[in-house]
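Contents: one structure, followed by commentary.
Values quoted throughout were computed directly from the atomic coordinates according to the rules given, and no laboratory measurement underlies them. Remember, predicted model here, so these are calculated numbers, not experimental data. FYI the Cβ positions are ideal-geometry reconstructions off the backbone, even for glycines, and counts take in every protein chain you see.
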Amino acid sequence: MKMGPNPKNATNTGTLHRGEAAAKLAAYIPFAVLCVFLLLSPIIPDVKLTRPKLLLSETSLYAILFLWCAAGLYLGRFRFRRSLVNIPVFLYAASAALFYFFSPDKPVALNELKRSLLSVTAFLAAANAAGSRRQRDIALAFLFCGSSVAVLYGLMQHYGGFLNVQVPQFDRSLSTFGNPIFFAAFLVVVLPAASGAVFYSRNTFLKFLLCCFIAAGLAALYFTGTRAAFIGLSVSAAVFLFLVIGDKTRKYLLLAALLILMGVFAFATRAIWARQQAHTLIWRDTLTMWSHHPFFGTGPGTFHIYFPQYASGELRAIWPEERNIINDAHNEYIQYLSETGIAGFGVFLLLLAALIKNASDIAKNTARGERYLLAGLISGGAGLLAQNMFSVDMRFIISAVYFFVTAGLIETFRDDFVTVEGIAPVARAGGLLLCAALAVLTFQKVLEPYIAEKKVASTPDFFDEKIVEPAKTITELEALAARYPDRPQIYEKLGWVYSKEKNWSRAVEALQKAAALDPKNAGPLNNLGNIYFLVGDRENAIKFWNRSLAINPGQVDSRLNLATAYYYKGRLKEASDQLREVLKIDPHNKNALVMLKQMTE
């Protein structure tokens with residue numbers, strides 16, 4: 001008798017295949033999102049306030065994290081990389097959360113909390129979404145493809161276009177990053193990685209493409225005119241040579257040659273190095289500020305608020321307060337120390353030490369072929385850390401994200417995993433519900449400032465709404481004022497109509513009359529502040545808004561207006577105080593949220 005297959009075994013085999021397929025799909029979805037992010041993030045433009053590049057980073061990286069968690073819960077098995085960095089990374093996020101919790105300036109500290117959490121997410125996403133060496137190589141290929149577009153656009157900006165394609169021309173290329181310094185920071189990270197890939201790749205054509213990309217990227221970096229990036233790339237080159245060359249004699253000869261080359265480059269570009277930015281004065285005054293708050297600093301994200309109090313006369317002579325806002329210390333480490341004190345800075349140093357030690361340990365145990373690629377990633381991260389000695393690029397979330405993505409990709413050179421399995425079905429179901437709830441809450445918070453900015457931008461201006469028959473309305477109100485000279489409401493309305501018609505002198509006259517007739521009415525005083533601000537008299541505007549708030553402290557518009565006036569006068573502490581009061585009254589006030597973003601950008 002011919003026997004057919006065992007039905008039970010067939011069922012088990014089918015179930016096994018379906019389980020393997022589900023496991024592969026669950027693993028590939030976060031990896032696919034990582035690849036899309038690495039491809040698009042250099043291409044998507046970064047624009048002040050709207051920040052599409054930042055929005056892409058936040059949504060993509062958080063999506064990777066939640067998809068990875070959901071996949072593990074669905075399969076009942078988590079597999080993540082064991083690393084020396086894991087604990088310091090979580091301490092870094094925990095310290096940021098504690099500083100935010102105890103900060104009296106929570107709206108200001110929120111951006112620093114977001115930066116820290118997104119940085120940790122970037123590290124975890126890159127380290128765990130790329131589960132194999134092959135996936136890591138594919139992810140880097142996507143990064144280099146997107147970076148090539150950004151570099152090409154940066155070169156086109158320098159020349160104003162190419163052939164028949166015209167683009168805006170800039171003295172300093174900024175590509176899609178909104179600022180030449182941020183573009184330079186990106187290049188300092190990605191160019192060394194591409195250099196390592198040249199030696200790592202066995203494909204001659206790919207080597208050629210990578211060499212073209214590196215040459216174009218070096219030209220684009222030069223066109224950014226960013227001195228800190230030139231130093232950062234020099235450090236990257238030195239670290240790369242140190243890691244890949246075994247012979248000590250050759251190593252030191254090449255490092256000496258690199259030093260000479262950089263000296264020649266510095267001399268040839270001496271006009272760039274001669275730009276006055278008063279960095280040493282800012283560093284000195286920042287350390288003075290830290291000495292007044294040594295243990296916990298002034299609070300995360302508050303540098304631009306408190307620094308004007310400590311800016312020396314020598315610095316103010318170079319950068320007058322009412323014409324220039326010094327919103328960063330031009331040194332990430334000094335700024336971190338001033339904002340979080342010894343406590344926060346100690347955690348940050350622990351994280352950096354762990355990253356350096358971890359990279360060193362991985363390098364010692366990596367085969368020579370892969371060591372070139374690893375050296376490229378390590379030197380890119382080292383270059384950005386060096387650049388931050390003279391800048392605060394990692395203070396801006398995009399640059400911090402690339403640093404931590406690089407740190408995560410370094411982890412992929414070591415196959416050391418921790419596996420957690422056997423999770424009970426009830427725990428898996430509950431975990432999936434919790435994961436979904438946290439995802440909804442996270443994306444709601446991520447999207448809130450972007451939605452606020454869009455709504456504020458679409459709100460009609462006061463002068464956009466015209467009165468149908470202004471002359472007739474004014475005549476009727478003047479007649480009513482003559483008939484009822486003791487009615488403040490008539491004069492307030494008359495002042496409002498004159499304001500619409502931009503007849504400032506008559507508007508001021510009517511509103512002052514209304515204020516005199518009804519001293520307890522805050523409205524006319526607020527409107528007087530508006531008029532004085534519009535005609536450029538900020539001191540009188542501030543005076544009337546303060547008088548208006550003394551009568552009615554709950555006025556949101558007056559506080560927003562006052563914050564704007566303080567901002568333009570360089571008095572950022574007072575501006576921040578007003579915005580904080582607005583958010584106490586209306587926690588979701590869109591104008592206040594947008595202004596807080598504007599103050600840091």
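Worth a mention:
- For residue 472, a cut-off of 18 angstrom between C-alpha atoms picks up these lysines, skipping any fewer than 8 places away in its own chain: 493, 500, 502.
- Over 28 Å [Cα-Cα, region 21-450], rounded percent: 51 percent
- In nm, spacing of pseudo-spin labels at residue 455 and residue 368 (7 Å Cα→C-beta vector): 6.3 nm
- Gain on full extension, evaluated as 0.36 nm per residue between residue 476 and residue 284 minus their Cα-Cα distance, stands at 62.8 nm.
- Measuring between their Cα centroids, region 252-287 and region 119-193 lie 24 Å from each other.
- Taken about its Cα centre, region 318-392 carries a charge dipole of about 520 debye when Lys and Arg each add +1 at the Cβ and Asp and Glu each add -1 at the Cβ.
- Neighbour-count ranking [beta-carbon atoms within 10 angstrom, fewest first] of 306, 74, 402, 159: 159, 74, 306, 402
- Going from the fewest other Cβ atoms within 10 Å to the most, the residues 406, 298 appear in the order 298, 406.
- Among 383, 540, 109 - extreme Cα towards positive end, dipole of the chain, charges at beta-carbon: 383
- Angle in degrees between helix 470-483 and the longest Cα principal axis of the chain, rounded to the nearest 10: 50 degrees
- Residues 167, 33 in ascending order of nearby Cβ atoms (within 10 Å, fewest first): 167, 33.
- Dipole check for region 462-600: with +1 at the C-beta of Lys and Arg, -1 at the C-beta of Asp and Glu, and the Cα centre as origin, the magnitude is about 340 Debye.
- Measuring r between the beta carbons of residue 203 and residue 252 and using R0 = 41 Å, the FRET efficiency lands at 0.80.
- Selection from 119, 56, 83 lying farthest towards where the dipole of region 42-119 points positive, charges on Cβ: 83
- Inter-label distance, nm, simple model (7 Å from Cα along the C-beta direction), residue 556/residue 32: 4.2 nm
- Here's the list of lysines a cross-link from residue 106 could span, going by alpha-carbon distance under 19 Å and ignoring same-chain residues fewer than 8 apart: 114, 445, 573, 584, 590, 597.
- Förster radius 35 Å - calculated FRET efficiency between residue 569 and residue 295 (Cβ-Cβ, nearest 0.05): 0.65
- Per-pair calculated FRET efficiency, R0 = 56 Å: residue 132 and residue 275 via Cβ, rounded to 0.05: 0.75
- Put simply, the convex hull of the Cα atoms in region 462-600 casts, on average, a shadow of 8.6 nm².
- Taken about its Cα centre, region 21-450 carries a charge dipole of roughly 1080 debye when the Cβ of each Lys and Arg holds +1 and the Cβ of each Asp and Glu holds -1.
- For a straight C-alpha distance cut-off of 15 angstrom, the aspartates and glutamates reachable from residue 569 (same-chain residues fewer than eight places away being disregarded) are 321, 322, 537, 539, 577.
- Residue among 558, 583, 527 farthest towards the positive dipole end of region 462-600, charges placed on Cβ: 583
- Note on the chain: helix-only mean residue ellipticity at 222 nm, from DSSP H runs of 4+ residues weighted -39500 (n - 2.57) and normalised by residue number, equals -25000 deg cm²/dmol.
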